[in-house]
Amino acid sequence: MLRVAVMASGGGTNLQAILDAIRDGAITNAQVTAVICNNAGAYAVERARRHGIPAFIVSPAAYESREAFNEALLQTVDACRPDLVVLAGFLVKIPAPMIETYRNRIINIHPSLIPSFCGVGYYGLKVHEAALARGVKLTGATVHYVDEGTDTGPILLQKAVEVRQDDTPESLQRRVMEEAEWVILPEAIDRIANGRI
Ligand code: GAR
């Protein structure tokens, strides 16, 4: 059974999609054993508690320096003994020592078709604002392995979503989540858990 630690910063709808997929049998051979958040107010924490999954808060504000926070984050992840770390809307840069320790065992969901609208500064709603500003007709989501760069690791899965004439950043964000993110993130975990990556 693959032990999955999910890291999230906000609403946790991708976490929810993973939990639903496990419940429905769309993900097999995996269990979410921990949720790690950088923000105690994240609704992802509430979702974890409702499912009886331990939630850990590691907030940069609680530490004297970035180094101390990075160390605490790695210690928290280590204590969960994950086989796979899933960044599901985790908006903090993963420290290099953690990437080194968990090489090829950290995946991230990004709300665009990488290499478009990714890298430093492209997260959350900003990604969809940029896609609309550029006037692309197709966008989507990407699951990729995490390396030292920002959104530069090997791509695992992508799914395209059509942009509509009347889309707002919010409506596009919602459709990219529903049609792409909540589909390919559970699928990537299922593939990894069953040796199909
Ligand atoms: C998702 O759209 C995810 O793709 C994005 O943050 C949102 C989190 O939503 N991640 C990034 O932008 C990473 N660069 P959620 O908390 O409801 O899953």
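Nothing in this text is a laboratory measurement; each read-out follows from the coordinates by a stated rule. Treat the numbers as computed from the prediction; the structure is a model and nothing was measured.
Measuring spread by the Cα atoms of the chain yields a radius of gyration and Dmax of 16.0, 48 Å. Cross-link partners for residue 93 among the lysines, with Cα-Cα distance under 20 Å and sequence neighbours closer than 8 places in the same chain left out: 126.
Each residue of the stretch 130-140 is assigned a 3J(HN,Hα), and the resulting list reads 5, 5, 5, 4, 7, x, 5, 9, 10, 9, x Hz, derived from the Karplus form 6.51 cos²θ - 1.76 cosθ + 1.60 (θ = phi - 60°), x at Gly and Pro. Pairs of C-alpha atoms in the stretch 2-42 farther apart than 11 Å represent 63 percent of all such pairs. Summary of the geometry: the stretch 83-117 and the stretch 1-48, compared by the centres of their Cα atoms, lie 15 Å apart. Were the residues from residue 191 through residue 103 laid out at 0.36 nm apart, the gain over their Cα-Cα distance would be 29.9 nm. Springs between alpha-carbon pairs under 10 angstrom, Gaussian network model over the chain: which of 51, 110, 128 fluctuates most? It is 51. Using bins of 10 Å that start at zero, the share of Cα-Cα pairs per bin across the stretch 63-124 amounts to 19, 48, 29, 4, in whole %.
For the stretch 99-197, the calculated P(r) over all alpha carbon pairs, in 5 Å bins from 0 to the bin holding the longest distance, is 2, 14, 25, 23, 18, 10, 5, 2, 0 percent.
Taking a ≥ b ≥ c as the square roots of the eigenvalues of the Cα gyration tensor, the stretch 27-104 is oblate, since a/c reaches 1.5 or more and a/b is not larger than b/c. Tilt of helix 182-193 relative to the longest C-alpha principal axis of the chain, in degrees (0 to 90, nearest 10)? Between helix and principal axis, roughly 40 degrees.
Of all DSSP beta bridges in the chain, what percent run antiparallel (nearest 5)? Roughly 40 percent of the DSSP beta bridges within the chain come out antiparallel.
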